[in-house]
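Okay, structure first, notes after.
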Amino acid sequence: MKKILLTGALGQIGSELTMKLREVYGTDNVIATDIRESDSEVVKGGPFEILDVTDAQKMHDLTKKHDADTIIHLAALLSATAEKKPLLAWNINMGGLVNALETARELGCQFFTPSSIGAFGPSTPKDATPQDTIQRPTTMYGVNKVSGELLSDYYYSRFGVDTRGLRFPGLISYVTQPGGGTTDYAVEIYYEAVKKAAYTSYIGEGTYMDMMYMPDALNAVIDLMEADPAKLKHRNSFNVTAMSIAPETITEEIRKHIPEFELSYDVDPVRQGIAESWPNAIDASAASEEWGFKAEYDLAKMTKDMLDKVK
Ligand code: SER
């Protein structure tokens, strides 16, 4: 990775990954793009271009103009939004991905796009979910993610594009809030804990999902992209996770800092249904073995940092 173009750079991952990549590779070597502008550092602090990922020609032209050798394609609708607007999700998530892969093929770029725990479904083993297992998701987001994994592998085997990906769990961060995801509660809970010492969860008690703190996610992207290709048996995509948690386990941890914090439930059937179709806890050993993945933040360390930063 020497010169990197990101799509969806103002999203939850992009807003932090752009800044981290600028630190590591130099500001001028990281071109942020998004469908909209903002006043943020991502836009003001380095190269930035407006890009709608469904515009294949513009994606090609911008990648060429900036002489990028790496594409990090992040622009996508998350699971709950995709369930509300399935056709739009297909068009943006798959249309954007095909355009990004085609650009990578035409211009010889290395390529990264995130998959998700959403690429699993109800028939997937729920605990210690293996790297290679049944993937029959029942959401449009999941259909997009599995298709994306397959398509990325296809571009590698058929055209030799150096595609790599991670199956991210819910990502927890304090810079940009996620929107329209099923795991968003695990971010909201910290903001509400600081603001009101109370949170009403739309995900029910005892619903376990994998999560990871954003600094670990950013390092994982860079480590995978820099990994020796000879060591990669898998490419799209690697299971990665740092913890498996439910609303009440986060609550217990928050109470160590805010003892009066109260959790109540008002379960949203749509997002609860999505959560129940996903694993409880995935196995990230292939990522550890093939390129040394290791998360630094567990629930306790993440909670302390989140509460400090959100305050
Ligand atoms: N965080 C995502 C979502 O909830 C999962 O990849 O949609």
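With the biggest extent put first, the Cα atoms of region 223-265 measure 52, 20, 11 Å across the principal axes. Taking trypsin sites (Lys or Arg not before Pro) across region 4-102, the ones in a DSSP loop with at most 16 further Cβ atoms lying within 10 angstrom of their Cβ are Arg36.
Let me have the 222 nm mean residue ellipticity of the chain computed from DSSP H runs of 4+ only, each contributing -39500 (n - 2.57), with the sum over all residues rounded to the nearest 500. Theoretical 222 nm ellipticity from helices: -12500 deg cm²/dmol. Computed with the Debye formula from one identical point scatterer per Cα of region 143-215, without solvent, the log10 of I(q)/I(0) at q = 0.14, 0.15, 0.24 Å⁻¹ comes to -0.61, -0.66, -1.12. From the largest down, region 1-119 spans 38, 31, 25 angstrom on the principal axes of its Cα atoms. For the set Lys3/Lys231; Lys145/Lys304; Lys84/Lys126, the pairs lying more than 29 angstrom apart at their alpha carbons are Lys145/Lys304. Taking a point 7 Å from the Cα of Lys304 along the Cα-to-Cβ direction, the residues of region 232-267 with backbone N closer than 15 Å to it are 253-258. Computed across the chain, the Kirkwood hydrodynamic radius from all distinct Cα-Cα pairs reaches 19.5 Å. Within the straight-line cut-off of under 18 Å between alpha carbons, the aspartates and glutamates reachable from Lys64 are Asp28, Asp34, Glu49, Asp52, Asp55, Glu102, Glu106, Asp162, sequence neighbours fewer than 8 places apart in one chain being disregarded. For region 135-227, GluC sites (Glu not before Pro) meeting the loop criterion (DSSP other than H, G, I, E, B) and having at most 16 other Cβ atoms within 10 Å: Glu205. The alpha-carbon atoms of region 100-228, seen along their principal axes, cover 53, 34, 24 angstrom, with the largest extent given first.
Diagonalising the gyration tensor over the Cα atoms of region 180-262 and scaling each eigenvalue by 5 before taking the square root yields semi-axes of 32, 13, 11 Å, largest first.
Read-outs throughout are calculated quantities, based only on the coordinates presented, and are distinct from any laboratory measurement. The model shown is predicted, which means the values in this text are computed figures rather than measured ones. In this analysis, Cβ positions are derived from the backbone assuming ideal geometry, glycine residues included, and neighbour counts consider all displayed protein chains.
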